[in-house]
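For reference, the structure discussed in these notes is given below.
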Amino acid sequence: MNSFTTSTGTEIAARGEELHRGYRRAGSDIPVLRGVTVEFRRGTFTAVMGPSGSGKTTLLQCLAGLDRPDRGRIWWGPTPIDALPERRLARLRREQVGFVFQAFNLMPGMTAAQNVELPGRMAGHRPPRATVHQALDRVGLAGRERHRPAQLSGGQQQRVAIARALVSRPRILFADEPTGALDRTTGTRILHLLRETVDRDGATCVMVTHDPAAAAHADRVLLLTDGRLVTELHHPTARQVADALAGAEGGAR
Ligand SMILES: Nc1ncnc2c1ncn2[C@@H]1O[C@H](COP(=O)(O)OP(=O)(O)OP(=O)(O)O)[C@@H](O)[C@H]1O
């Protein structure tokens, strides 16, 4: 066993230790993360929940290397990333991390296939066409390669975004409210897809959500209140998540 495997030999996909992050507003320092320590085992699906403003997105952005904590350490697998220079971090991020956002963030003038290959192309190694087609096939979009985002439904656009995130086979997939802009049925399909990438492909997924029903698709739900992790639920029902969230919101008031 080393520090990147657990006592049962499970690999740690990412870990954050004593993360602190604050912002300056109107001349004073506002703490947002106040010492968060968390780890994500490979092949697991974690939902991050908490009241509005509790620091969920900030935590996700720090763990994903899109923002830097003021203090604390972050590892992707065995690699510490918090002190890396920006260019190295950007390269490692492209290689090791995938993102899915609430707003899909697709390029409207590009086809589905072009959107999926874009990050690789920007990094100077365009994925082979067959790989792009496989990624779209994997999310149920075979035959839609040449469609542009406006010709696809919201759920299909989010599938393209997931294919784009997964095409480079990232160590960890971060999703910030991936179903926030979708109706319940479409959102559920996206959650099944995320679940499947974890169960079938061995991906590791970390998802911020406000929705207890969405969180119930995860193996584990972390509850953040006021920049601290306060509760961890394992395989909870939507009802158990909602109750824990109501407790956290009551406590945060
Ligand atoms: N770049 C920034 N500059 C200043 N304040 C910020 C910045 N980013 C976040 N904050 C503040 O930090 C706090 C936590 O924000 P964050 O987006 O992480 O919370 P959240 O739990 O994801 O909230 P929500 O559920 O509403 O999306 C908020 O009060 C927010 O206004």
Checklist entry - Do you know which of the residues in region 15-59 that are near the ligand (Cβ under 9 Å from one of its atoms) and of a type in the set (Val, Ile, Thr) is farthest from LEU194 (Cα to Cα)? => result ILE30
Item to check | Among the candidates VAL160, VAL206, VAL167, residue that is crowded, with 24+ Cβ neighbours inside 10 Å and either without any contact (Cβ under 8 Å) to a residue 60 or more places away in the chain or away from the ligand (no atom under 16 Å from the Cβ) (or both) | outcome: VAL160
Checklist entry - Looking at (1) closer than 26 Å to ASP183 by Cβ; (2) surrounded by 12 or more Cβ atoms within 10 Å (Cβ to Cβ); (3) not small (Gly, Ala, Ser), which is the only condition GLN114 fails? => result (1)
Next on the checklist: Any residue at all in region 69-83 that's of a type in the set (S, T, N, Q) and surrounded by 16 or more Cβ atoms within 10 Å (Cβ to Cβ)?
Outcome noted: no
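Quick check on region 60-82: of everything there that is within 11 Å of the ligand (Cβ to nearest atom) and out of contact with any helix residue (DSSP H, G or I) (no Cβ under 9 Å at 6 or more places or on another chain), which residue is nearest to CYS205 (Cα to Cα)?
Of region 60-82, the ones within 11 Å of the ligand (Cβ to nearest atom) are 60-62, 67.
Those still in the list that are out of contact with any helix residue (DSSP H, G or I) (no Cβ under 9 Å at 6 or more places or on another chain) too: 60-62.
Working: LEU60: 11, GLN61: 14, CYS62: 15 Å.
Ranking the qualifying residues of region 60-82, first place goes to LEU60.
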Item to check | Failed item in (1) at negative phi; (2) modelled with pLDDT of 95 or more; (3) surrounded by 14 or more Cβ atoms within 10 Å (Cβ to Cβ), with THR37 passing the rest | outcome: (3)
Checklist entry - Consider LEU245 against the criteria (1) under 13 Å from VAL100 (Cβ atoms); (2) within 16 Å of the ligand (Cβ to nearest atom): it satisfies all of them except one. Which criterion is unmet? => result (1)
Next on the checklist: Can you confirm whether ALA214 is in contact with a helix residue (DSSP H, G or I) (Cβ under 9 Å, 6 or more places away or on another chain), within 16 Å of the ligand (Cβ to nearest atom) and among the hydrophobic types (A, V, I, L, M, F, W, C)?
Outcome noted: yes
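Report whether or not ALA150 is over 22 Å from ASP67 (Cα atoms), touching a helix residue (DSSP H, G or I) at 6+ places or on another chain (Cβ under 7 Å) and either among the aliphatic types (A, V, I, L, M) or not in a loop (DSSP other than H, G, I, E, B) (or both).
Values: over 22 Å from ASP67 (Cα atoms): yes; touching a helix residue (DSSP H, G or I) at 6+ places or on another chain (Cβ under 7 Å): no; either among the aliphatic types (A, V, I, L, M) or not in a loop (DSSP other than H, G, I, E, B) (or both): yes.
For ALA150, the condition - over 22 Å from ASP67 (Cα atoms), touching a helix residue (DSSP H, G or I) at 6+ places or on another chain (Cβ under 7 Å) and either among the aliphatic types (A, V, I, L, M) or not in a loop (DSSP other than H, G, I, E, B) (or both) - is not met.
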Checklist entry - Within region 224-238, how many residues are within 16 Å of the ligand (Cβ to nearest atom), in contact with a helix residue (DSSP H, G or I) (Cβ under 8 Å, 6 or more places away or on another chain) and in a strand (DSSP E or B)? => result 4
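Before we move on, is ASN105 in contact with a Phe, Trp or Tyr (Cβ under 9 Å, 6 or more places away or on another chain) and closer than 25 Å to VAL198 by Cα?
On the way: in contact with a Phe, Trp or Tyr (Cβ under 9 Å, 6 or more places away or on another chain): yes; closer than 25 Å to VAL198 by Cα: yes.
In short, yes.
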Checklist entry - Pick from region 192-223 the residues that are of a type in the set (D, E, K, R) and in a helix (DSSP H, G or I): which of them is nearest to ALA135 (Cα to Cα)? => result GLU196
Checklist entry - If you scan region 179-199, which residues turn out to be under 10 Å from GLY155 (Cα atoms) and either within 14 Å of the chain's Cα centre (by Cα) or touching a residue at least 60 places away in the same chain (Cβ under 8 Å) (or both)? => result THR179, ALA181, ILE190
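The values are calculated or read from the model by the stated rules, or taken from the named source; none is laboratory data. Small disclaimer: the values here were computed from a predicted structure and weren't measured. Heads up, the Cβs are rebuilt from the backbone with ideal geometry, glycines too, and the neighbour counts pull from every protein chain shown.
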